[in-house]
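J.: Quick one: the structure is below, questions incoming.
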Amino acid sequence: MAEFPGLEVSAAVAARLPDWDDIVAYLRNRPGDTVPDVLRAADRSGVPAIQPRCGVGGHAEMLALLRELALSAPSVLSVTIDSYTRLRQFDVAARVLAEEPARLNGYPLVAHGWQRGRELADAVPVPLEVRHGSPDGRDLFATALAAGITSFEGGGIGYNLPYCKDVPLDVSLRSWQQVDAACGALADAGVLVDRELFGTLTAVLVPPSISLAVTLLEAVAAAREGVRCISISYPQGGEIHQDVAALRAVRTLAARYLDPRVEVFPVLHQFMGAFPADPAWASGLILHGALTARLGGASKVVNKTEQEARGLPDADANGKGIRLTAVGASSMFDFVELDADRVAEELHWIEEEVAELVEPVLAEEDLLAAIGAAFRTGRLDVPFSASVHARNQVIPRRDPGGAIRYADHSALPFSGATRRRHAALLAGSAPAPRPGPGEITAVIRDISYFADRTPARTP
Amino acid sequence: MTPLPTDQPRTVILGVAASDAHAVANQLICRLLRAHGFHVVNLGVCTPLHEFADALDAEPAAEAILIGSVNGHAYADLRDLPELRRQGRLDRPVVLGGNLSVGAHKRSADLDRLTALGVDHIVTGLSELLPLLDTLHAARQPAPQHG
Ligand code: B12
């Protein structure tokens, strides 16, 4: 049975994997660009790399999907994992795979096994990333490595709170600590793993400083385990000055808080909330996201499709999303110039808020324990938490310009200046209604900011 | 939609299907129903069907079981419904809403399969929910005496 340094893999999965030394040797000698190579090249050129999400149940179907998407010239392709595998229900994933693979919402890599994973990695001319949402991704990580995939998304907070009901943060943080330690061991052995941190969180009205605080804490924890390449994703909220500032903050915060030996790459996730169903508005939003990524200096942008509101996209719509993103991130829109003062003002406040959130936690001796404690007491929180292990008491609202602000910061330890600014910015919005149907209508309006748009038509 | 006059608040059991972690609609529906005077037992995301049955055992006054599923796995997540019903459990209208199959192209056969499992009502928009609950309430037999 394969033994992995620092990484506990379940006996059933380990029994099917090659030895660690064989995996390392294979990864060292794999030809072609890795994700870090692609991200460095993107930074040099100023044009973000592009990556779609993609995963279907069947193996032949997945091979065909990757090959077809490769024709649209993405920089990285995804192996998006199904919900059962994410929650470690490998047996259910295997059963649905046997019965009707088309009913899975992703590729069950553990059920298919690492050999098939290698076939995926060998099928296309670009590197792959495993995107999932597993509070405990250790078995999946080991399988991905054996498959030759060295870009792996997730972290102990971002892959817990949005993705499950009742896994304590201490448990998810410790399991991701093992993943990061294995990446450290690989870095020492000359294999650089790209670890992407999921700043999107619950995706709906996530205030930038919450996203950035969470990924920064995860990044510090990862760097301490020896991780040397970190992609930090941020979800497009829809107000471009705020979004561009947040993307730039990824680099300034990393310079302030992270070990300089770590390479950091900002990643934009195109709008992650409720998407417009109308294809024209959906395409417009995709273009908007691409432009945001370029202006914000993102190393990579993860694209959406015009079918987002309806269901998992077909290959055609996804290819279109990739190509539309390439257009939006090209020099075609170089004439667009943002108000630099407005961006600088947002950047200043984002850095300030993140400092107010992370510095008390970073000051503690045991970082992982301090993160768990901060979520228990509400000094860290996320809106719409799927998990019971965050307080879920922060209330975000859009200001009149569409930027995401704190209507109620609950127990987040913000300074008086920060609190006054958010109150002032929201003063121009419709007043927060009292709890009841009116309040819910107001929240739904902010959530549906883009989803509600319908095309203008001539009568 | 005013709650029908009763001594007790009307109770419903709400949750998201077993493999599904989408929380937003669930939390909005919970707040909406509470704002309309319902007692909502919200089981949250990733709730296996047998936990809905357990919740009903603990709250026998519940009028309906409201299940959300948007990740496309509704059928696989609800496949134990016939078995639980055979055991005499989940003996209330099961109302299902969300995005009920994988993919951007929906077929009516996907909904038929769910109905065949024993799902009683499939709701597409939030605005349909309160009228449906009122209809189910009105159609109820006089409430059984418990305890
Ligand atoms: C936000 C979001 C997320 C967030 C969720 C955060 C959280 N924990 O809540 C994140 C980024 C984490 C996420 C993750 C995933 N997501 Co998601 N997500 C969305 C998105 C963009 C918006 C959902 C949302 O909150 N909308 C706002 C709420 C208010 O509306 P709603 O959920 O659409 O529900 C409405 C109706 O369906 C209905 N309804 C819903 N539930 C119920 C229940 C009852 C009882 C009733 C009556 C009505 C009802 O009422 C609501 C209001 O109209 C949608 C796409 C979209 N719609 O734009 C995809 C989407 C739902 N996600 C999808 C998927 C597949 C996933 C993943 C499995 C990843 C993957 N393989 O791609 C994971 C989930 C893992 C898991 N274990 O389930 C797919 C589902 C595909 C399908 N059915 O074919 C969608 C459609 C995206 C897509 N096009 O692929 N997601």
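Readers should treat all values here as calculations from the given coordinates under stated rules, not as data from a laboratory. This one's a predicted model, so the numbers in the text were calculated from it and none came from an experiment. Positions of Cβ are backbone-derived with ideal geometry, glycine not excepted, and every protein chain shown enters the neighbour counts.
J.: Name the longest site-free stretch of chain A, where the excluded sites are trypsin sites (Lys or Arg not before Pro) in a DSSP loop with no more than 10 other beta-carbon atoms within 10 Å.
T.: Details: sites that count: A:Arg261, A:Arg457.
Value returned for the longest uninterrupted segment is A:1-260.
J.: If only Cα atoms are counted, what is the Rg of region A:274-337, and what is its Dmax, in Å?
T.: 11.6, 35
J.: Rounded to a whole number, what is D in µm²/s for region A:1-68 from Stokes-Einstein with the Kirkwood radius over alpha-carbon pairs (25 °C, 0.890 mPa s)?
T.: Numbers: Rh = 15.5 Å.
Calculated translational D: 158 µm²/s.
J.: Here's a follow-up. Hey, with R₀ at 41 Å, roughly what FRET efficiency would A:Arg342 and A:Ala73 work out to, going by the Cβ-Cβ distance, to 0.05? Please list the in-between numbers first.
T.: Working: r = 34 Å, r/R0 = 0.83.
That pair, A:Arg342 with A:Ala73, gives E of 0.75.
J.: Could you give me the percent of Cα pairs per 10 Å distance bin for region B:1-134, shortest bin first, beginning at zero and ending with the bin that holds the maximum distance?
T.: Reading upward from the zero bin: 12, 47, 33, 7, 0.
J.: Under the classification rounded if a/c is under 1.5, otherwise prolate if a/b is larger than b/c and oblate if not, where does region A:11-333 fall, given a ≥ b ≥ c as square roots of the Cα gyration tensor eigenvalues? List each step's numbers first, then the result.
T.: Working: a/c = 1.39, a/b = 1.14, b/c = 1.22.
Cα axes put region A:11-333 in the rounded bin.
J.: While we're looking at this one, here's another question. Arrange A:Tyr159, B:Tyr75, A:Tyr449 by Cβ neighbour counts within 10 Å, fewest through most, would you?
T.: Numbers: A:Tyr159 26, B:Tyr75 22, A:Tyr449 19.
By the 10 Å Cβ count, ascending, the order reads A:Tyr449, B:Tyr75, A:Tyr159.
J.: Cross-link candidates for A:Lys320: which lysines have Cα within less than 20 Å, leaving aside residues fewer than 8 places away along the same chain?
T.: Excluding near neighbours in sequence, the set is A:Lys300, A:Lys304.
J.: Return the average number of partner chain Cβ atoms within 10 angstrom of each residue Cβ along peptide B:23-31. Display every interim value, and only then the final one.
T.: Values: counts 13, 12, 4, 2, 9, 5, 1, 1, 6.
Shielding by partners across B:23-31 averages 6.
J.: Can you list which of the GluC sites (Glu not before Pro) found in region A:275-347 are DSSP loop residues with at most 12 other C-beta atoms within 10 Å?
T.: Details: sites: A:Glu306, A:Glu308, A:Glu337, A:Glu345, A:Glu346; in loops: A:Glu306, A:Glu308, A:Glu337.
Hits after loop and neighbour filter: A:Glu337.
J.: Separate question: Quick one: compute a quarter of the convex hull surface over the Cα atoms of the protein assembly as shown and quote it in nm². Don't skip to the end; give the middle numbers.
T.: Working: hull surface 114.0 nm².
Average projection, Cα convex hull of the protein assembly as shown: 28.5 nm².
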